[in-house]
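First up is the structure itself, then whatever we jot down about it.
The values are calculated or read from the model by the stated rules, or taken from the named source; none is laboratory data. Everything numeric in this text was worked out from a predicted model, so none of it was measured. Glycine gets a Cβ as well: all are built from the backbone with ideal geometry, and neighbour counts include every protein chain shown. For accessibility, only protein heavy atoms count, side chains too; no ligands or nucleic acids. Shrake-Rupley method; radii C 1.70, N 1.55, O 1.52, S 1.80 Å.
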Amino acid sequence: MTDARREMFGFLAETAGVLASPSRIELLDLLAQGERSVEELSEASHLSVANASLHLQQLRRTGIVSRRRKGKQILYDLADARVLDLMAILRGMAETNHAAAQEILRRAYGERDAVPPVTPEELVERLQRRSIRLIDVRPEIEYRAAHIPGARNIPIMALAERLEELPKRPEIVAYCRGPYCVMAYMAVEILRPVGYRARRLDGGFMEWRRAGLPLVRSDAPARADT
């Protein structure tokens, strides 16, 4: 093996090694929702600020996340869209090759909602026809960071108390963070028993962003992710 080849394999191993932490994977899942400060990430992940900061430094060192200064705040984001592809590949490998993971998927997700979710492609078409009402059930801070155009934010913890804001027609589509987020499942479980036609968005916000579909960000008008 040539020295250059071995060196390159070392860089690959270093990048892969940085991802070998459930906490860092969770931070990437949160950053897929949009730019966040260390303090916000600490609160959402239940890590201490010091621990979250250390994980973010390691992710930044290998080019997986980026950071910028805004006033006195340091804000982190995914370095680029390839990180979302990497997350999708990791999910696919884990779901395919681990029997325990397949059982969790069946029990915690598959059996929880038998109604087929709305695909991103279907959502684009139905938003254009205005034949659905889209709700974002993530926390407000994530909605403000970035959301799907046309979505109304009703955080899942407030949904049951704000049903009067939602007419019974047309059909409601709820979305949350991503494939393993349960907030959209909770939303349809609240809506259907009281007469709403409701479905989830397949893959949630993470897969919408990964597809490069339009986003509304706090500092910019609707645009495709780059």
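Summary table below
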{"quantity": "Per-region count, region 126-164, residues among the acidic types (Asp, Glu) and touching a residue at least 12 places away in the same chain (Cβ under 8 Å)", "calculated": "3"}
{"quantity": "Residues that are in a loop (DSSP other than H, G, I, E, B) and in contact (Cβ under 8 Å) with a residue 40 or more places away in the chain, drawn from region 8-33", "calculated": "Leu19, Ala32, Gln33"}
{"quantity": "Close pairs from region 86-97: first surrounded by 11 or more Cβ atoms within 10 Å (Cβ to Cβ), partner polar (S, T, N, Q), Cβ under 7 Å, at least 6 apart", "calculated": "Glu95/Gln102"}
{"quantity": "Residue in region 13-23 that is aliphatic (A, V, I, L, M) and within 15 Å of the chain's Cα centre (by Cα) present", "calculated": "no"}
{"quantity": "Selection from region 108-125 of residues that are modelled with pLDDT of 95 or more and in a helix (DSSP H, G or I)", "calculated": "Pro120, Glu121, Glu122, Leu123, Val124, Glu125"}
{"quantity": "Any hit, region 76-97, residues being out of contact with any His (no Cβ under 8 Å at 6 or more places or on another chain), outside any helix (DSSP H, G or I) and farther than 22 Å from Arg209 by Cα", "calculated": "no"}
{"quantity": "Residue in region 34-44 that is open to solvent by 30 Å² or more (accessible area, probe 1.4 Å) and not in a helix (DSSP H, G or I) present", "calculated": "yes"}
{"quantity": "Which listed residue is in a strand (DSSP E or B) and either without any contact (Cβ under 8 Å) to a residue 60 or more places away in the chain or surrounded by fewer than 17 Cβ atoms within 10 Å (Cβ to Cβ) (or both), from Arg5, Arg69", "calculated": "Arg69"}
{"quantity": "Members of region 45-66 found to be touching a strand residue (DSSP E or B) at 6+ places or on another chain (Cβ under 9 Å) and surrounded by 18 or more Cβ atoms within 10 Å (Cβ to Cβ), listed by number", "calculated": "Leu56, Leu59, Ile64, Val65"}
{"quantity": "Looking only at region 98-125, and only at residues there that are among the charged types (D, E, K, R) and touching a residue at least 60 places away in the same chain (Cβ under 8 Å), the one that is surrounded by the fewest Cβ atoms within 10 Å (Cβ to Cβ)", "calculated": "Arg112"}
{"quantity": "Criterion (open to solvent by 10 Å² or more (accessible area, probe 1.4 Å), touching a residue at least 60 places away in the same chain (Cβ under 8 Å) and β-branched (Val, Ile, Thr)) met by exactly one of Val188, Val182", "calculated": "Val182"}
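A quick yes/no check of all residues on (1) farther than 14 Å from Val137 by Cα; (2) more than 16 Å from the chain's Cα centre (by Cα); (3) of a type in the set (Val, Ile, Thr):
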| residue | (1), (2), (3) |
| --- | --- |
| Tyr175 | no, no, no |
| Cys181 | no, no, no |
| Arg199 | no, yes, no |
| Ala211 | yes, no, no |
